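Report on the structure given below.
The values are calculated or read from the model by the stated rules, or taken from the named source; none is laboratory data. Keep in mind that what you see is a predicted model, and the values were worked out from it rather than measured. Backbone-built Cβ (ideal geometry, glycine too); neighbour counts: all protein chains shown.
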């Protein structure tokens, strides 16, 4: 949550939420570990009952005993309902699976040469899986700051 919270603090117009009830459709009410969405996109919103509704751009799950469910059933539900990115941190295997369906294609985001995973939907949202599994919060946030600095450089050149 510190990683997503830091991104939220540095990024105007995004909202982060943890352990919220998410109404995707009439048949699928889930409780993801974290969500990040773009406020102005209209894809996700807080409904009249104070629940998250719609499809946030990013859903994050920490999967331990639920890994099979998170990587199969939930993955299909999120993809079918228009979630654009789905990040699953598989605890027992210390594995990270980051899916992107933004273009309608099934893309799994893979680490770059330096081992960093980079969101395709959220510029500057970078994750170092090794630092995550080492519980190196300072290192994790340093990687995020690098991503945000690259994002700012790209924005200032426009």
Would you mind stating whether residue 52 is farther than 20 Å from residue 147 by Cα, at pLDDT 90 or above, within 16 Å of the chain's Cα centre (by Cα) and surrounded by 13 or more Cβ atoms within 10 Å (Cβ to Cβ)?
yes
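Results for (1) in contact with a strand residue (DSSP E or B) (Cβ under 7 Å, 6 or more places away or on another chain); (2) modelled with pLDDT of 95 or more, shown as yes or no for each residue.
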position	(1), (2)
98	yes, yes
115	no, yes
133	no, yes
141	no, yes
148	no, yes
158	no, no
Is it the case, given these coordinates, that residue 108 is touching a helix residue (DSSP H, G or I) at 6+ places or on another chain (Cβ under 8 Å), exposed (fewer than 15 other Cβ atoms within 10 Å of the Cβ) and over 20 Å from residue 30 (Cβ atoms)?
no
Considering only residues of the stretch 120-137 that are touching a residue at least 40 places away in the same chain (Cβ under 8 Å) and farther than 23 Å from residue 92 by Cα, which is farthest from the chain's Cα centre (by Cα)?
124
Whether any residue in the stretch 13-26 is part of a helix (DSSP H, G or I) and surrounded by fewer than 19 Cβ atoms within 10 Å (Cβ to Cβ) is what I want to check.
no
Within the stretch 117-126, is there a residue that is modelled with pLDDT of 95 or more and farther than 27 Å from residue 81 by Cβ?
no
Of all residues in the stretch 27-38 being touching a helix residue (DSSP H, G or I) at 6+ places or on another chain (Cβ under 9 Å), at pLDDT below 95 and in a strand (DSSP E or B), which is farthest from residue 121 (Cα to Cα)?
28
For the stretch 27-41, give me each residue that is in contact with a strand residue (DSSP E or B) (Cβ under 8 Å, 6 or more places away or on another chain), more than 17 Å from residue 77 (Cβ to Cβ) and either surrounded by fewer than 17 Cβ atoms within 10 Å (Cβ to Cβ) or without any contact (Cβ under 8 Å) to a residue 12 or more places away in the chain (or both).
39
I'd like to verify a number: residues in the stretch 14-26 that are within 15 Å of residue 77 (Cα to Cα) and without any contact (Cβ under 8 Å) to a residue 40 or more places away in the chain, how many?
4
